[in-house]
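Worksheet for the structure shown next.
Read the figures in this text as sums done on the coordinates, not as results from a lab. All of these numbers come straight from a predicted model, not from anything done at the bench. With ideal geometry, Cβ positions are generated from the backbone for all residues, glycine too; neighbour counts draw on all protein chains shown.
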Amino acid sequence: MAGDAAPGPDGQPRCPWALSTPDYIAYHDDEWGRPVRGDVALFERLTLEAFQSGLSWLTILRKRDEFRRAFAGFDPAVVAAFDDDDVARLLSDPGIVRNRAKVTAAVTNARALLSLRESRGEGALDELIWSFAPDSPRAVPACLSDVPAFTPESTALAKALKKCGFVFVGPTTAYATMQATGVVNDHLAGCVAR
């Protein structure tokens with residue numbers, strides 16, 4: 001069936017989206033769907049998923065080191081202090097995706113994270129995102145068409161993030177973040193990384 005796990009260059013079955021480049025294979029095997037904890041790591045993933053909106057994830061993946069450099073390792077305190085000069089610097093940086101709405105969203109979201117920490121303490125973003133993990137195990141996807149673009153949990157997470165002042169975090173971006181950080185496991189049934 002189209003969309004089933006397929007053999008990679010080493011013969012191991014993987015989610016078919018991961019097979020086009022070595023970059024994707026490494027990301028799929030070593031990161032995607034693996035639990036990520038901590039505010040900084042989750043802020044990075046949430047930011048990168050927002051930057052990916054409308055683009056190929058491969059574009060973001062290949063620029064990830066440049067994003068980390070440009071956004072001070074995704075330290076929310078540093079990013080929250082970015083001003084108009086920093087935004088201008090980022091918009092002229094060819095190492096990242098130069099989209100004003102996405103750059104300003106990253107700064108806004110860093111400020112929202114600091115505010116969230118003030119009210120809920122260190123680890124607040126971690127606690128918030130992981131609180132939307134499904135309560136019961138879902139059916140393991142057999143093929144790509146079994147993997148949703150968003151879920152009731154991601155819709156609720158997006159709403160909660162927006163209530164906390166985050167922007168550019170709709171249900172699809174929230175779900176992609178949940179997938180990337182292991183909050184949900186959408187590796188296909190036959191995938192070696194499952």
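Can you tell me, using C-alpha contacts under 8 Å and at least 6 residues apart, the relative contact order of region 22-79 as a whole percent?
37 percent
At 37 °C and 0.692 mPa s, grab the translational diffusion coefficient of region 47-194 from Stokes-Einstein with a Kirkwood Rh over Cα pairs, rounded to a whole number in µm² per second.
Translational D for this selection: 201 µm²/s.
Give me the net charge of residue 140's neighbourhood, meaning all other residues with Cβ under 12 Å from the Cβ of residue 140; Lys, Arg count +1, Asp, Glu -1.
After counting each charged neighbour, the total is 0.
Near residue 63, which aspartates and glutamates are there with a Cα under 18 Å away, not counting those fewer than 8 places off in the same chain?
Qualifying aspartates and glutamates at Cα under 18 Å: 23, 30, 31, 44, 49, 75, 93.
Going Cα to Cα from residue 163, which aspartates and glutamates come in below 18 Å? Please leave out same-chain ones fewer than 8 positions away.
39, 118, 126, 127, 153
Using alpha-carbon pairs under 8 Å, 6+ residues apart, how would you state the relative contact order of the chain in percent?
Normalised by residue count, the contact order of the chain is 33 percent.
Just want the answer: with Cβ charges of +1 for Lys and Arg and -1 for Asp and Glu, which residue in 129, 140, 103 is farthest toward the dipole's positive end in region 90-141?
Result: 103.
Which residues does a label at residue 93 reach in region 27-41, if reach means a backbone N under 18 Å from a point 7 Å past the Cα toward the Cβ?
Only 40-41 pass the distance filter.
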